[in-house]
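Down below is the structure, laid out as structure tokens.
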Amino acid sequence: MTERTFSIIKPDATRRNLTGKVNAVIEDAGLRIVAQRRIRMSEAQAKTFYEVHAERPFYGELVEFMTSAPVVVQVLEGENAVARYREVMGATNPAQAADGTIRKLYAESVGENSVHGSDSLENARIEIAQFFTDADIVG
Ligand code: CMP
């Protein structure tokens, strides 16, 4: 089934000028970038986005990191896009990520792990709606 998922190229990657390299891995995997915007995430946006992790010990650090430099928010479209992008990203911890995945190639640590991808179709819809309107998405 054709799906849409939400992606963020995180500050550790934009800082190292890796936007194009990350996008190449995404496109080579057959996912289409149907919306994309480079933004500086506000503290309020980051807190809302990561609300489910509010009780985790790393929440403060996560919000600080995500607001520390520009990010690129994206909508990706393709067959089983949610699961496919999670495969392409690799494990959250780059030490456990498979060869060829974005995190194996580029991530620095479990916190500074270069990309975010939605974990379910329902969350994809919620996350996309936090950053894009339907008119922004050109499929
Ligand atoms: P992400 O997919 O953006 O969703 C939650 C994020 O929390 C996750 O990627 C990691 O970057 C971050 N995270 C998970 N575990 C830790 C940790 N132990 N320390 C710092 N950040 C973490």
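Descriptive notes on the structure:
- Every residue from region 98-130 that is within 12 Å of the ligand (Cβ to nearest atom) and either more than 14 Å from the chain's Cα centre (by Cα) or over 21 Å from Ile33 (Cα atoms) (or both): Glu108, Ser109, Val110, Gly111, Glu112
- Scoring Ala97 on the criteria (1) within 16 Å of Ala24 (Cα to Cα); (2) in contact with a Gly (Cβ under 8 Å, 6 or more places away or on another chain) leaves a single failure, condition (1).
- Screening Arg103 against (1) open to solvent by 60 Å² or more (accessible area, probe 1.4 Å); (2) among the basic types (Lys, Arg); (3) under 16 Å from Lys10 (Cβ atoms) leaves a single unmet condition, (1).
- Here Gly139 meets each of (1) away from the ligand (no atom under 13 Å from the Cβ); (2) part of a helix (DSSP H, G or I); (3) farther than 16 Å from Leu18 by Cβ with one exception, condition (2).
- Failed item in (1) more than 16 Å from Pro11 (Cα to Cα); (2) in contact with a Ser or Thr (Cβ under 6 Å, 6 or more places away or on another chain); (3) touching a residue at least 24 places away in the same chain (Cβ under 8 Å), with Phe131 passing the rest: (2)
- Of all residues assigned to region 34-51, none qualifies as being within 12 Å of the ligand (Cβ to nearest atom), in contact (Cβ under 8 Å) with a residue 60 or more places away in the chain and surrounded by fewer than 20 Cβ atoms within 10 Å (Cβ to Cβ).
The values are calculated or read from the model by the stated rules, or taken from the named source; none is laboratory data. Worth saying up front: this structure is predicted, and the values here are computed from it rather than measured. As a convention, Cβ positions derive from the backbone with ideal geometry for all residues, glycine included, and neighbour counts pool all protein chains shown. Only protein heavy atoms, including side chains, enter the accessible area calculation; ligands, DNA and RNA are left aside. Shrake-Rupley method; radii C 1.70, N 1.55, O 1.52, S 1.80 Å.
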